[in-house]
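In what follows, a structure is listed as structure tokens, so that the remarks can point back to it.
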Amino acid sequence: MQQLCLLILTATTLQAQSSELFELSVRPVLLKSCIPCHGPAQQSSSLRLDSREAMLKGGNRGPALIPGDPNASLIAKSIRHEDDTLKMPVGAKRLKDSDIAAIEKWITLGAPWPVTDTTKTPISSGDPRYYPKLLREHWAFQPVVDPKLPTVRNTTWSNQPIDRFILAALENKNLNPSKTTDRATLIRRLSYVLNGLPPTPLEVDLFVRDQSPNAYRQVIDRLLATPQFGEHWARHWMDIMRFAETFGNDWNYELLGASLYRDYLIRAFNKDVPYSQFIREHIAGDLLPKPRINTEEGINESEIGTTSFRLGELGHDDCIRFRQIRTDVVDNQIDTLGKAFQGLTIACARCHDHKLDPIPTADYYALYGVLTSSRMITRTIDLDDANSAIRQRLAAMKPAIRTELSHLWQQEAKLIPRYLLAADRAWRKLPPLPSDTSAEMSLDRFQALLSALETPKPKLEDPLYPWIQLAKSPNSWQDLKATYTKESQDRTAFNREHFRPFGDFTKDGFGGWTADGNASLTAPTNDGEFAIASTGPKAISGIFPAGLYTHTLSERLNAALRSPLVPKNKKFVSLLLMGGKLG
């Protein structure tokens, strides 16, 4: 009976020791070095190590655990680095000898896995309780509080509360603070920190001589009020926002308007814009109900902040065929947003859940969805009334220009038959009529008509096509009518088969399209609309068919026309565009 009790006591003691070994020396190593890659969230080589049953089952290489035999257990072999093809943890240093010895001893004892209270079981990545636990416990995610000032021995060193924390840490290490610097060095440090420039000799001399109690404060106020303060700190912020005036990559295209963002930053720092407002302008400056208006320059400051999304490297290939081009752009935006405004490397979650802070991959792609569904566009920062006076003046000029042009064109129209007949006779090598040499006729127009007749294959859209065809062949007007009728029917049938309407500009709201900018895009124009020339001796720069135009008043007024979302089963939109001064 005494022998039986001794055996029971010994077994109980060994069980307690093995449980203590597992909880203190084995489970923490598994959680830190093994479970992230072989646990609920990820199972590399189809192997899980978060339970005894999972270890016995093993993965692609077979069972990871042979209870009682560490030399035969793959988990022991891998952490010893016995095999060059099996060294764990991946990409990390070999475990400490004490950790390896603890795992080997645990296996020798039969690899006991105590059943514990699940409420006290360490939580790993992938567990729905993992991130709430991090939020509660990780120092970086705790609410901001007003801490109690620490007690210090040297109470005369500084009267600034923040210095008490520095001094307490120094005294804790038995260190003394540095001696107070001389005034010449102090103003030099201040100037470099605030403006990035050294003080002038006169500024140094004035500060050294100024023994008034407010001298230090006055120097700071003066430096903060200089334009160089905004320039200096805007440069630092531009580094955070990966500012450049080109897109980088293969051809390094110029980023138009980048300087506007640079100047916006300088103004924001010099005007001491609140940081909360600064963040709003960067993230959604074009959507603010009350944007920040610069009345001096007549611009919307808030809209410029969103330029930060347009910065960064940009690929130049087909982002429809090569989707990674677009995903890399959005990834860069997420990376910048996280680091600049949250101090977090959110972009890592593109491939895996974070292990040390609450950023799962699901949150990354939720943010990705927001950014990739927001199109990159060009916005007009000028206020609506910035050019209203000049627009009204130009609009008032157009009727007078139209009347004068109509009078001139009616006179010119009388000469058209003579030009056509003269060009036709010259093309047929017939002698000119006496009227063909009239001084009223322009040699340039005559040569242009002659060149049209010599065109091998004139286009049907050419206004001179009927005249050219009749000159070259005895076709009748009926034949020309049949040609135009058939072509119109063929094109209508082709368009009906291959295209679907994507906006009717004759309807209110342009059929879902929207417009903004300084130029007027309120309704489509009729045939014969013309644009006023902004340079040169000509009054107008062109006459156009019916459509939407931004430059009918001035080429210096801009506007943008934006389509609704393209249907999911369509990838391309066909537009008839004209213009060339797109810079």
Read through the list (1) at pLDDT 90 or above; (2) part of a loop (DSSP other than H, G, I, E, B); (3) open to solvent by less than 50 Å² (accessible area, probe 1.4 Å), then give the number of the only condition that P112 fails. (1)
Criterion violated by L311 - all others in (1) among the hydrophobic types (A, V, I, L, M, F, W, C); (2) more than 18 Å from S373 (Cβ to Cβ); (3) more than 10 Å from the chain's Cα centre (by Cα) satisfied: (3)
Determine the pairs where a residue that is closer than 14 Å to I468 by Cα and at pLDDT 85 or above, located within the stretch 412-428, has a partner that is assigned to a helix (DSSP H, G or I) and open to solvent by 50 Å² or more (accessible area, probe 1.4 Å) with Cβ atoms under 6 Å apart, the partner being 6 or more residues away or on another chain. Y419/R445
When you look at T185, is it closer than 30 Å to T336 by Cβ and among the polar types (S, T, N, Q), yes or no? no
Across the stretch 32-47, which residue is most open to solvent (accessible area, probe 1.4 Å) among those that are of a type in the set (A, V, I, L, M) and under 16 Å from A64 (Cα atoms)? L47
Does A400 satisfy the condition of being more than 26 Å from I279 (Cα to Cα) and either at pLDDT 90 or above or of a type in the set (V, I, T) (or both)? yes
Over the stretch 205-236, the set of residues more than 29 Å from L265 (Cα to Cα) and open to solvent by 30 Å² or more (accessible area, probe 1.4 Å) is D205, L206, V208, R209, D210, Q211, S212, P213, N214
A471 vs (1) loosely packed, with under 10 Cβ neighbours inside 10 Å; (2) more than 30 Å from V566 (Cα to Cα): all pass except (1)
When the residues of the stretch 48-62 are filtered to those that are aliphatic (A, V, I, L, M) and open to solvent by less than 30 Å² (accessible area, probe 1.4 Å), which remaining residue is nearest to P28 (Cα to Cα)? L49
Test for D444: is it open to solvent by 40 Å² or more (accessible area, probe 1.4 Å), part of a loop (DSSP other than H, G, I, E, B) and free of Cβ contacts under 8 Å to residues at least 40 places away in the same chain: no
If P432 satisfies every condition in (1) in a helix (DSSP H, G or I); (2) out of contact with any Phe, Trp or Tyr (no Cβ under 8 Å at 6 or more places or on another chain) but one, which is the exception? (1)
Looking at the stretch 228-244, I want the residues that are under 17 Å from E313 (Cα atoms) and have a partner that is among the hydroxyl-bearing types (S, T, Y) with Cβ atoms under 6 Å, at least 6 apart or on another chain. Which pairs are those? M241/S308
Return the residues of the stretch 298-312 that are touching a helix residue (DSSP H, G or I) at 6+ places or on another chain (Cβ under 7 Å) and among the charged types (D, E, K, R); say none if nothing qualifies. E301
Kindly state which helices (runs of 4 or more DSSP H) lie completely within the stretch 122-225 and contain at least 2 residues that are modelled with pLDDT of 90 or more. 161-172, 183-195, 201-209, 215-224
Got at least one residue in the stretch 372-383 being closer than 30 Å to V330 by Cβ, modelled with pLDDT of 85 or more, part of a helix (DSSP H, G or I) and polar (S, T, N, Q)? yes
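Return the total of residues in the stretch 152-192 being among the aromatic types (F, W, Y) and touching a Lys or Arg at 6+ places or on another chain (Cβ under 8 Å).
Narrowing the stretch 152-192 to residues among the aromatic types (F, W, Y): 157, 165, 192.
Okay, now just the ones that are also touching a Lys or Arg at 6+ places or on another chain (Cβ under 8 Å), so none.
Counting residues in the stretch 152-192 that are among the aromatic types (F, W, Y) and touching a Lys or Arg at 6+ places or on another chain (Cβ under 8 Å) gives 0.
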Does D328 satisfy the condition of being over 27 Å from D516 (Cβ atoms) and in contact (Cβ under 8 Å) with a residue 12 or more places away in the chain? yes
Just to be sure I understand the filter: pairs with C-beta atoms under 8 Å, separated by 6 or more residues or on different chains, first member in the stretch 450-468 and buried (at least 17 other Cβ atoms within 10 Å of the Cβ), second member of a type in the set (D, E). Which pairs pass? A452/D462; L453/D424; I468/D462
For residues in the stretch 345-370 being within 17 Å of the chain's Cα centre (by Cα) and of a type in the set (A, V, I, L, M), which is most open to solvent (accessible area, probe 1.4 Å)? V370
Can you find a residue in the stretch 241-253 that is in contact with an Asp or Glu (Cβ under 6 Å, 6 or more places away or on another chain) and either hydrophobic (A, V, I, L, M, F, W, C) or part of a loop (DSSP other than H, G, I, E, B) (or both)? yes
I'm checking my understanding of the structure. Among residues of the stretch 260-286 that are touching a helix residue (DSSP H, G or I) at 6+ places or on another chain (Cβ under 8 Å) and of a type in the set (S, T, Y), which one is surrounded by the fewest Cβ atoms within 10 Å (Cβ to Cβ)? Y261
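Look through D479, D490, D504 and report the one residue that is charged (D, E, K, R) and in a loop (DSSP other than H, G, I, E, B).
D504
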Within the stretch 317-325, is even one residue acidic (D, E) and assigned to a helix (DSSP H, G or I)? no
Restricting the search to the stretch 65-91, which residues are open to solvent by 40 Å² or more (accessible area, probe 1.4 Å) and of a type in the set (A, V, I, L, M, F, W, C)? I66, A72, L74, M88, V90
The number of residues in the stretch 242-276 that are in contact with a Phe, Trp or Tyr (Cβ under 9 Å, 6 or more places away or on another chain) and modelled with pLDDT under 95 is 7
Take G257 and decide whether it is within 16 Å of the chain's Cα centre (by Cα), open to solvent by less than 50 Å² (accessible area, probe 1.4 Å) and at positive phi. yes
Looking at (1) open to solvent by 50 Å² or more (accessible area, probe 1.4 Å); (2) assigned to a loop (DSSP other than H, G, I, E, B); (3) modelled with pLDDT under 85, which is the only condition L561 fails? (2)
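The values are calculated or read from the model by the stated rules, or taken from the named source; none is laboratory data. Since we're looking at a predicted model, the values are computed, not measured. For neighbour counting, all protein chains shown are included, and Cβ atoms are generated from backbone atoms with ideal geometry for every residue, glycine included. SASA here: full protein model, heavy atoms, side chains in, ligands and nucleic acids out. Shrake-Rupley method; radii C 1.70, N 1.55, O 1.52, S 1.80 Å.
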